[in-house]
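Here the structure comes first, spelled out in structure tokens, and everything after it is commentary.
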Amino acid sequence: MRAQAAVPLGRGRFTELALLIWVATIAITGFVAVLATETASFRPTAVVVPLVFLALMLSLHVFLVGIRFRGDQILLPIAAGLTAIGLVLVQRLASDLLLQQLSWSIIAAGAFAATIVVPRDLTALARYKWTWALLGVLLLIAPLLPVIGREINGARIWIKVGPGSIEPWEAVKILLVIFFAAYLEEYREVLSHAQRRIGPFPVPPVPYLVPIVAMWVIAMLVMVFEKDMGATVLFFGIFLAMLFLATGEAFYAIIGLVLLVLGGIVAYQLFGHVQARVDTWLRPFDEDLRFGTGYQLIQGLYALANGGLIGVGLGNGMPDRIPIVWSDFVFDAFAEEAGLAGAIALLALYLVFLYRGMLIALRAPTMFLQLLAAGLSFIVALQTLVIVGGNLRLIPLTGITLPFVAYGGSSLVTNWMLVGILMRVSQISDRMRGGGPS
Amino acid sequence: MTSPISANIRALTLTLALAFLVTSIGAAYWTVLASDQLANDPFNPRLIAATNDRPRGAIVDRNGAPIATSEKTDSGFARSYKDRTLAQVVGYASAKFGLSGIEAAYADSLIGQDPADPVSIWKARYLGDRAPAGQVVLGIDLKIQKAAADALGGRKGAIVALDPRTGAILASVSVPAYDANQVVDPPKQDAAFDQLSHDPNHALLNRAAQGLYPPGSIFKVVTGAAALENGLDPTKKLRVDDPYQADKSWGDYFVRSASHAHGLFDMSDGFRLSENIYFAQVGLQIGGAKLTDYAKRFGIGSTPNLDLPAAKGQLSDSGSIDRPTLLADTSYGQGELLVSPLQMALIYATIANGGVMPTAHYATEVRDAEGHVVRQIAPGPQGQVISPATAKTLTTMLVGAVSGQGGFAFGAKIPGVNVAGKTGTAENRPGEAPHGWFVGFAPAENPAVVVAVIVENTPDGGVTAAPLGAAVMRAALGK
């Protein structure tokens with residue numbers, strides 16, 4: 001505590017503030033550009049929304065300065081910038097959903113602020129790992145329950161809350177990372193060193209592997225029943241990445257990927273919805289798919305093609321021809337109007353986010369915090385790669401949302417909480433060293 | 001700080017960064033590399049959007065008469081199609097079902113972004129400043145088109161007429177046709193399109209270029225050309241005795257003569273009286289390899305260069321002629337041959353044009369809104385297929401087939417004009433009436449029009465088709 005007092009009291013978060021000005025520029029120019037090309041009559045929400053959002057971000061900044069928060073200053077502006085792009089795109093693509101998305105960003109900001117102060121001791125999370133595992137499983141099963149579960153667009157991954165519905169697996173992904181981080185910290189040694197080898201293949205001590213495999217099997221089974229490929233891939237990815245992070249054993253990752261491909265082939269044979277997704281990916285232009293399941297993807301590709309190098313300009317394209325564009329295809333919509341340049345800039349934002357998150361992980365003082373930060377950063381990167389890859393027809397399309405940008409409340413709230421946790425971890429490393437990145 | 005897992009974190013970060021790189025390359029592929037092809041895909045709504053909020057360019061005939069126009073309505077601009085007989089050629093521009101026909105092939109030109117005008121494309125794309133739509137001018141002459149449509153009447157089939165010197169298509173009829181106005185009319189479009197896509201008669205098919213039929217006797221010019229260029233003396237008489245088989249190995253297989261002929265035939269007689277047995281013997285003399293070579297040179301089995309979709313047909317199921325009976329049958333136009341009316345028109349255009357095959361095309365010009373020509377569509381010839389001497393000999397014999405003593409194609413005669421042509425009665429599946437063909441050109445000494453006529457399932461075959469060809473040629477020549 002004495003050491004901390006040596007730091008000047010008035011030390012502000014100037015990097016963060018400067019970057020938030022850049023966010024303000026994006027938000028304001030974006031809304032102005034969309035308004036300028038809109039043919040419908042002027043609505044006051046279009047002016048109110050960016051101002052409310054900017055005030056919200058500024059208040060988060062003031063809040064952090066006020067509690068003398070001394071962690072990372074880059075993540076908040078990136079998350080704010082991406083959320084701003086998301087709001088601009090909702091205004092552009094589905095303006096009747098704009099107020100709803102703004103409400104969600106207010107809730108997300110509240111959740112972020114809460115995460116910054118609760119719990120007081122982040123490492124305490126590790127103590128309750130079995131609680132998180134149980135809670136995660138319950139949340140996963142919830143959509144299958146009769147009264148509260150809901151099926152939307154063929155996937156049973158929603159639960160009814162009041163007038164709306166939320167996707168519980170969005171929260172599960174964070175719980176899963178916390179559980180894996182705590183468990184792997186405890187048993188890392190046995191898993192990575194005390195193992196026998198048969199030829200080049202490491203044979204892990206089975207009893208220690210059972211809990212994480214069980215956790216993963218439950219997740220997979222539930223996903224099969226809930227018919228959501230995206231979440232399945234994401235959970236599998238988290239599982240493999242955490243195992244690799246803890247053990248450094250690339251073998252786990254390779255055998256995992258082989259299992260994923262085999263599982264995919266089995267699922268292709270067994271499940272109609274998987275088969276439809278894969279067929280649509282492989283041959284969307286075929287006569288029988290073109291106006292059916294391939295329609296959405298083809299419309300997305302048309303949007304990309306119209307984008308060219310620098311895009312047609314916000315409001316000038318026709319991305320609204322893509323069905324459900326605001327949640328599934330925001331990347332293609334953005335690429336049509338901002339071009340390849342904009343698309344790469346957007347991807348670069350996620351890459352910087354990943355870089356910052358991993359840097360925090362590298363600097364974290366305990367292995368639990370390292371695994372936690374790396375796992376959470378990995379989620380954002382993987383989610384981005386899976387949905388953008390789907391939009392670009394590099395891999396089959398899944399219903400995963402583009403973090404911060406795509407329309408959707410559950411995703412926005414959990415991703416902001418994820419940012420909060422990452423910043424908490426960075427503050428702990430900062431405190432330990434009495435200084436830090438600024 | 002070094003931790004046991006620092007290296008793992010770095011390795012994972014690097015892997016993800018590489019995945020981001022691959023993703024960026026994917027984005028570059030779709031936005032830049034594959035962009036042109038997708039931008040011009042006939043189903044891309046961006047090509048059609050121009051129809052709704054601003055006029056789409058008109059499609060006009062060679063004299064400027066409108067065939068498709070955009071007309072202002074309460075809710076924007078609507079497409080109006082003037083000539084039902086050109087339905088499959090002109091196609092439709094539907095916001096829901098995409099584009100077809102000329103509307104698809106010249107989609108960019110019709111929204112003022114012709115490929116020959118990169119500045120307009122650039123301005124439309126980056127400045128949102130779209131040039132007013134121009135016009136696409138077709139080679140179609142509505143006067144000849146009407147003559148062809150009237151001649152065919154309600155009978156299923158197709159007529160295509162073209163200028164052998166340029167390859168410009170003058171008339172193109174395919175029956176049954178449909179009303180494209182229904183396909184672009186929002187209240188009616190769903191029912192209309194559903195009915196069309198399940199139509200047992202395939203009204204959407206452009207039979208002139210996409211319909212495939214056995215050619216029958218009209219194919220004999222190919223056998224004749226191959227024989228003439230391989231040293232066969234056309235004046236040498238061959239013995240014809242119906243029924244014919246080359247040797248006993250054919251078993252109970254015979255080539256039949258349409259007129260149950262017995263006698264001596266030279267090539268001129270063979271064309272005039274359409275003698276199958278004469279051409280079967282000629283084919284057997286020159287051999288399958290040479291006949292295959294000439295059929296390929298004339299474009300059988302390959303898709304003709306055309307600005308609309310076209311069928312490629314076939315010489316035989318296997319692509320080659322591997323047995324004597326198939327060689328004999330192919331030589332007089334049966335066997336396993338399949339051709340489109342356009343392919344036959346192009347073969348006769350080659351003969352009319354001194355042995356040089358023209359390239360067929362429906363559109364001849366793209367004009368901008370002020371009427372200036374943006375692009376001339378004049379594809380050069382395909383090349384010399386047969387020698388001018390062979391072409392001349394065949395022309396003489398085809399004139400004989402129309403106006404010689406007992407010529408089978410007498411129905412194609414036009415007073416005061418030398419018509420060269422050939423009828424065909426193409427045998428069909430057992431139990432179905434044969435298809436009637438006529439292909440010919442006029443005037444024989446300086447051909448200005450080639451016409452190919454097919455009437456599906458008509459008992460009298462070529463006799464039915466020949467006068468239809470004459471009617472079209474008369475309209476084209478103003479006689």
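Values in this text are rule-based calculations from the coordinates and carry no lab data. Only a predicted model underlies this, so the values are computations on that prediction, with no experimental measurement involved. FYI the Cβ positions are ideal-geometry reconstructions off the backbone, even for glycines, and counts take in every protein chain you see.
Peptide packing: for A:374-384, B:317-327, the average count of neighbouring Cβ atoms within 10 Å per residue gives the ranking A:374-384, B:317-327, highest mean first. Here the Karplus curve 6.51 cos²θ - 1.76 cosθ + 1.60, taken at θ = phi - 60°, turns the phi angles of region A:398-405 into couplings of 10, x, 5, 8, 6, x, 6, 8 Hz, with x standing for Gly and Pro.
In a fully extended conformation the segment linking B:D460 and B:L14 would gain 152.8 nm over its present Cα-Cα distance, using 0.36 nm per residue.
Based on the mean of other Cβ atoms within 10 Å per residue, sort peptides A:77-90, A:342-355, B:276-289 so the most packed one is first. Intermediate results must be reported in sequence, preceding the final value.
Values: A:77-90: 25.3, A:342-355: 19.4, B:276-289: 22.4.
Listed from highest to lowest mean packing, they are A:77-90, B:276-289, A:342-355.
Per-residue ellipticity at 222 nm from helix content only, as computed over chain B with -39500 (n - 2.57) for each DSSP H run of at least four residues, stands at -10500 deg cm²/dmol. Here A:V190 and A:S59 are evaluated by their C-beta separation; at R0 = 30 Å the FRET efficiency comes out at 0.05.
The string of couplings for region B:154-166 from the Karplus curve (6.51, -1.76, 1.60, θ = phi - 60°) is x, 6, 5, x, 7, 9, 10, 10, 9, 8, x, 6, 10 Hz, one whole number per residue in order, with x for Gly and Pro.
Seen from B:A349, the other residues with C-beta closer than 13 Å to its C-beta sum to a net charge of 0, counting Lys and Arg as +1 and Asp and Glu as -1. Peptide packing: for A:130-140, A:359-369, the average count of neighbouring Cβ atoms within 10 Å per residue gives the ranking A:359-369, A:130-140, highest mean first. Residue by residue along B:37-46, Cβ atoms of other protein chains within 10 Å of the local Cβ number 5 on average. A dipole drawn for chain A from +1 and -1 charges on Cβ atoms has a positive end, and of A:I255, A:I265, A:L75 the residue lying farthest that way is A:L75.
Extending 7 Å from the Cα toward the beta-carbon at both B:D233 and A:V161 defines two label points whose distance is 10.0 nm. Counting every other Cβ atom within 10 Å of each residue's Cβ, B:D108, B:D252, B:D266 order from fewest to most as B:D252, B:D266, B:D108.
Give, as a single signed number, the net charge of other residues whose beta carbon lies under 14 Å from the beta carbon of B:G383, with Lys and Arg counted +1 and Asp and Glu -1. Write out the running numbers ahead of the final one.
Working: positive: B:K296, B:R297; negative: none.
Net charge in that neighbourhood comes out at +2.
Note on A:T123/A:L144: beta-carbon distance plugged into 1/(1 + (r/R0)^6) with R0 of 45 Å gives a FRET efficiency of 0.85. Label-to-label distance, B:Q384 versus A:I28, with points set 7 angstrom from Cα along the beta-carbon direction: 7.5 nm.
Helix B:288-297 axis versus longest C-alpha principal axis of chain B: approximately 50°, rounded to the nearest ten. For chain B, the relative contact order works out to 15 percent when only alpha carbon pairs closer than 8 Å and six or more residues apart are counted. Residue by residue along B:169-181, Cβ atoms of other protein chains within 10 Å of the local Cβ number 0 on average. Checking the a/c ratio against 1.5 first, then a/b against b/c, what shape does the Cα gyration tensor give for region A:2-433? It is oblate, given that a/c is not under 1.5 and a/b is not larger than b/c. A Cβ-based charge dipole, computed about the Cα centre of the protein assembly as shown with Lys and Arg at +1 and Asp and Glu at -1, lands at about 2220 debye.
Each of B:R155, B:R10 has some number of other Cβ atoms within 10 Å of its Cβ, and from fewest to most they run B:R10, B:R155.
Output the relative contact order of region B:146-206, whole-number percent, from Cα pairs under 8 angstrom with separation of 6+ residues. Once divided by the residue count of region B:146-206, the mean separation gives 25 percent.
Determine, from the Cβ-Cβ distance of B:E71 and B:A95 and an R0 of 22 Å, the FRET efficiency 1/(1 + (r/R0)^6), rounded to the nearest 0.05. Efficiency computed from Cβ-Cβ geometry: 0.90. Please work out whether the protein assembly as shown counts as rounded, prolate or oblate from its C-alpha gyration tensor, where a ≥ b ≥ c are the square roots of the eigenvalues and a/c under 1.5 means rounded, while otherwise a/b larger than b/c means prolate and anything else oblate? Here the protein assembly as shown falls in the prolate category.
Per-residue mean of foreign Cβ neighbours for A:295-305 is 5 (Cβ atoms of other chains, 10 Å radius).
Explain nothing, just the number: relative contact order of region A:2-433, from Cα pairs under 8 Å at least 6 residues apart, as a whole percent.
On the way: 600 pairs, mean separation 91.5, N = 432.
Reported relative contact order: 21 percent.
Fewest Cβ neighbours within 10 Å first, please rank A:M229, B:M344 accordingly. Don't skip to the end; give the middle numbers.
Details: A:M229 24, B:M344 31.
Ordered by Cβ neighbours within 10 Å, fewest first: A:M229, B:M344.
Going through the cross-link list B:K123/B:K312; B:K422/B:K479; B:K248/B:K392; B:K237/B:K422; B:K123/B:K143, which pairs have a Cα-Cα distance over 28 Å in this structure? From B:K123/B:K312; B:K422/B:K479; B:K248/B:K392; B:K237/B:K422; B:K123/B:K143, over 28 Å: B:K123/B:K312; B:K248/B:K392; B:K123/B:K143.
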